[in-house]
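First up is the structure itself, then whatever we jot down about it.
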């Protein structure tokens, strides 16, 4: 019998309230595993990203230099 089969058999004998506790525990373990996977990703090369962004900075013609200087550009944002 596999571990999963043993867990399922033991779980079937528990009352509903305790089954819910076990489910919450398993879900929290699953979330921790997902966080660990995300944290293990390599960090991006920031200098390479900056170099690429410098190549495209200011490439739009007739655009405001900085959208944050005029609040009208942000009107309705997030609604």
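All of the numbers you see were taken from the coordinates with simple rules; none came from a lab. Small disclaimer: the values here were computed from a predicted structure and weren't measured. For neighbour counting, all protein chains shown are included, and Cβ atoms are generated from backbone atoms with ideal geometry for every residue, glycine included.
With 0.36 nm allotted per residue and the present C-alpha distance subtracted, the residue 47-residue 4 stretch has 10.8 nm of extension available. Arranged from fewest to most other beta-carbon atoms within 10 Å of their beta carbon, 16, 24 become 16, 24.
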